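The values are calculated or read from the model by the stated rules, or taken from the named source; none is laboratory data. In this text, all values refer to a predicted model and were calculated from it rather than measured experimentally. Ideal geometry is used to build each Cβ from the backbone, glycine not excepted, and the neighbour counts take in all protein chains shown. Areas reflect the complete protein model, heavy atoms only, side chains present, ligands, DNA and RNA absent. Shrake-Rupley method; radii C 1.70, N 1.55, O 1.52, S 1.80 Å.
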There are 2 protein chains.
Amino acid sequence: MAPERLKPRPLKGFQDFLPPEARLRERIVETFCEVFRLFGFAPMDTPALEPEEILLSDYGVDANKQIYRFTDLEKNRVGLRFDLTVSLARVIAASGHLLPFPFKRYQVGKVWRFDKPKRGRFREFLQLDADIVGAQPYEPEVELLAAVHQAFARLGITGYYIRINDRKYLADVLQELGIEDSRAKDTFRVLDKLEHQGEEKVFKELTGQLLLQDFDSALEYERMQEVKVPPDTARELLRRTQDSGRLRGYLSGFLQRLTEEGVPPEKVRADASLTRGLDYYTGFVCELMLEGAESVGSVGGGGRYDDLIGRYAPTSPTGVGLSIGVDRLLAALKLAGSGSDSSPVAVGIQRSSAAVFVAVFDDCEVSQLAAVARRLRNAGIPTELWLKPGNREGRSLSRQLKYADRAGIPLAVIAGSDELGKSPPTVQLKDLRTEFGEAGKQIEVPIEGLVEKVKDLLSGATES
Amino acid sequence: MAPERLKPRPLKGFQDFLPPEARLRERIVETFCEVFRLFGFAPMDTPALEPEEILLSDYGVDANKQIYRFTDLEKNRVGLRFDLTVSLARVIAASGHLLPFPFKRYQVGKVWRFDKPKRGRFREFLQLDADIVGAQPYEPEVELLAAVHQAFARLGITGYYIRINDRKYLADVLQELGIEDSRAKDTFRVLDKLEHQGEEKVFKELTGQLLLQDFDSALEYERMQEVKVPPDTARELLRRTQDSGRLRGYLSGFLQRLTEEGVPPEKVRADASLTRGLDYYTGFVCELMLEGAESVGSVGGGGRYDDLIGRYAPTSPTGVGLSIGVDRLLAALKLAGSGSDSSPVAVGIQRSSAAVFVAVFDDCEVSQLAAVARRLRNAGIPTELWLKPGNREGRSLSRQLKYADRAGIPLAVIAGSDELGKSPPTVQLKDLRTEFGEAGKQIEVPIEGLVEKVKDLLSGATES
């Protein structure tokens, strides 16, 4: 039965990651997790699929429209998670009695948002969260940002900055302007678009003229109408969000502690118009920006959510968290590094996992050559043994070396019965980093001394 | 507005992982990935959500009924992936020209199956795959099993065995018995239930009597009716699948190479009735079993799928892969280790990430104590600084030490103005692993010598 030929494309807004890029992504995640562990955070994991009612309770109307929702085979209404924070709140409510407080967790997982795909904006992406539940400001905030700074430093990412704000100060501004508490969250959501859409559009939305276009149901339109503020107030609001003296006052102690933790003061930029789009934030909010890649948006963000857990439980421990958008960060690094070969993070990562390739020509020698590969692996050197495709072409040396070169493996071991039959047995060791096929870069080494020789040649230049 | 109180439960068949267990799971994944890199495998990632047509093309009727499918907001038919293999095939077809062959990849990701939840069987679980595409038997099979053996050894898992078979031998048996090729896959699928359901049930299904109960649509019923074999043949099939001389012959060379790679021969058990439930396997198949936890099912499995990529492309590179069911393995380890405190994997993992806790009583000393924490972290020692909840109770020493004890942190640093004001400044270092509150386990150490003293006390007994 000849099968129907399928188109091998992923869905729009979804991505495949092939080795060099996947390895870089993995390295970013490993580095962050390592640093978070160094600060005493412990890992946690929650399902990707949650009951719909859990997902719809905290993000707000804009976000809710982006949730992938459906009915499962048992007629439960379910959805793919929009972030990792709401699940954390659910777990704290369910299992808080099993946890020590303050509870410090990190979590890595995919999230899904039905958004318009563009550069740096995907419908499925990997998030890396760290959260501290049950501790008052602002030491937890300092710790989260210090850990991020340290992880960025380990990855060689120095060209970044942190936008910070506190929603409480903005709420004060709203109150002064006579905007009621009940409208504050909707106003935050509109102001959140300032960075992307500019003042004019946000002004129009604040005054109600653009609301209909964004919201398709009559109910939502009516709800948003309530947000309308008189034009003069909207103008005043925009002006004052960009110049908050209160915020500057709050910042001084916070900045001092951040500086002590190694985050240079010039990395931190206060911006009273920053709100973050989600409803659950109650105080401190922040966004991480990569210099030269601002156009892809923030590569991370977070804030304090002191009421979130109260959705489930009578008492609500305070919480503060930070989320790295790993795939956005990857896209931003690519953009920031384009035009130069020396994107700091890319160096040392553009190789396959193996450092040594062991060629195989003859079935009879497989056992001996496998023993050579084993010797290297036992010494911690990632090694690839040629897995001989069955035909004659698959056994040619030139085909094998072309493979190793293409896979980016720096060294090759080549040995036939001549070398293996010597006493003591030897192999040829070839450096593939030189021009492919260049002469004079091949030496004969006794198997006994191979590990040492390989380590010499790699001399710390290759990742292990 | 008082929010409606929600029930904080995950969906049925879905799991939350809290720290000690989440850390063990993370350790399992890290260990496997490390070993696969040592063998030269490179990472890859694909979306969790795939077009429905991709998902429905290769698993077979039983599996297809377990796929979470729905229509997204753009009216695309989509589904959550059932495994990581079909996505690999899609990527090879789409991006094969960018990859070196043989292509060796590992991938870690969640998969979803709408199955009946029971011990070790979840609706969402983490899979860890390694695959080799474009290499002939049986060196790739040897390499995959050798890597798994090495990862298990590093994790302290020695009580396991590998069931292996080759579908080709079973196909020969079917042919001898006059069962047509077109019915072979359906017969494999029925035989796959031998382990779980026993001979009697499988016999009944082979003879057609149980088919109706399992398949609800008339179309599927008719299709399965074709599989019916005469009762005598079914009996003969069951007998012969359990005693295949051909399989034993094939095994000798394979076993020799496995033994050379360090996998003891007694770990490998040939079983001609093993088929694996999925349609895409064409030759070698295997399952990993944990001794004493056979009731949860296999903790991993895999096989050769030489036609899978042909669904998308005119030429189909051969493929062989292996998948570890991380959450099943975790459940099996728990079961196998129950009754004894010395489950080998659990040792050394039942702690929070931090090795040292730094207490804080007074706002004025935060900077100095944070510097102590930084000194420890800079030396690579995971350290937690008390993030002082704002009330008086949050600052009591007994509350802080209770927290550290509960979080499983072995050492605590305690210092107030007395200690910090000395010249040179000192801290009290307390060993919390002794009976809580026991006297005599607290020593005064100058800050200069703290890292060394902490390393002495931990002396390799704690994970970092």
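Tabulated results
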{"read-out": "Hey, residue B:46 hydroxyl-bearing (Ser, Thr, Tyr), open to solvent by 20 Å² or more (accessible area, probe 1.4 Å) and either at negative phi or touching a His at 6+ places or on another chain (Cβ under 6 Å) (or both) or not", "value": "no"}
{"read-out": "Residue list for the stretch B:1-30, filter: surrounded by 19 or more Cβ atoms within 10 Å (Cβ to Cβ) and more than 8 Å from chain A (Cβ to nearest Cβ)", "value": "B:13, B:21, B:24, B:28"}
{"read-out": "Close pairs (6 angstrom Cβ cut-off, 6 or more residues apart or separate chains): away from chain A (no Cβ under 14 Å) in the stretch B:399-422, open to solvent by less than 20 Å² (accessible area, probe 1.4 Å) anywhere", "value": "B:414/B:359; B:415/B:427; B:419/B:426; B:419/B:427"}
{"read-out": "When residues of the stretch A:429-459 are limited to those that are open to solvent by less than 80 Å² (accessible area, probe 1.4 Å) and small (Gly, Ala, Ser), the one modelled with the highest pLDDT", "value": "A:449"}
{"read-out": "When residues of the stretch B:53-63 are limited to those that are more than 7 Å from chain A (Cβ to nearest Cβ) and open to solvent by 30 Å² or more (accessible area, probe 1.4 Å), the one modelled with the highest pLDDT", "value": "B:56"}
{"read-out": "Test: residue A:179 is touching a His at 6+ places or on another chain (Cβ under 9 Å), away from every other protein chain (no Cβ under 14 Å) and of a type in the set (A, V, I, L, M)", "value": "no"}
{"read-out": "Hits in the stretch A:381-415 - residues which are in a loop (DSSP other than H, G, I, E, B) and open to solvent by less than 20 Å² (accessible area, probe 1.4 Å)", "value": "A:381, A:382, A:386, A:387, A:389, A:407, A:408, A:409, A:410, A:415"}
{"read-out": "Test: residue A:83 is under 16 Å from the mean Cα position of the chain (by Cα) and part of a loop (DSSP other than H, G, I, E, B)", "value": "yes"}
{"read-out": "The lone exception for residue A:265 - which of (1) on the phi < 0 side of the Ramachandran plot; (2) open to solvent by 30 Å² or more (accessible area, probe 1.4 Å); (3) under 21 Å from the mean Cα position of the chain (by Cα); (4) not hydrophobic (A, V, I, L, M, F, W, C) it fails", "value": "(3)"}
{"read-out": "Test for residue B:10: is it in contact with a Leu (Cβ under 9 Å, 6 or more places away or on another chain), at pLDDT 90 or above, of a type outside the set (A, V, I, L, M, F, W, C) and not assigned by TED's automatic domain parsing to the domain that holds residue B:144", "value": "yes"}
{"read-out": "So residue A:124, is it within 23 Å of residue A:328 (Cα to Cα), of a type in the set (Asp, Glu) and facing another protein chain (nearest Cβ under 9 Å)", "value": "yes"}
{"read-out": "Helices (runs of 4 or more DSSP H) (entirely within the stretch B:106-208) containing at least 3 residues that are in contact with a strand residue (DSSP E or B) (Cβ under 6 Å, 6 or more places away or on another chain) and open to solvent by less than 10 Å² (accessible area, probe 1.4 Å)", "value": "B:139-154"}
{"read-out": "Residue within the stretch A:38-45 that is charged (D, E, K, R) and within 22 Å of residue B:51 (Cα to Cα) present", "value": "no"}
{"read-out": "Whichever residue in the stretch A:31-43 is of a type in the set (A, V, I, L, M, F, W, C) and closer than 11 Å to residue A:107 by Cα and, among such residues, is surrounded by the fewest Cβ atoms within 10 Å (Cβ to Cβ)", "value": "A:33"}
{"read-out": "Qualifying positions in the stretch A:375-410 - over 13 Å from residue A:355 (Cα atoms) and hydroxyl-bearing (Ser, Thr, Tyr)", "value": "A:396, A:398, A:403"}
{"read-out": "Filter result (surrounded by fewer than 23 Cβ atoms within 10 Å (Cβ to Cβ) and either more than 8 Å from chain B (Cβ to nearest Cβ) or part of a strand (DSSP E or B) (or both)) within the stretch A:87-105", "value": "A:96, A:97"}
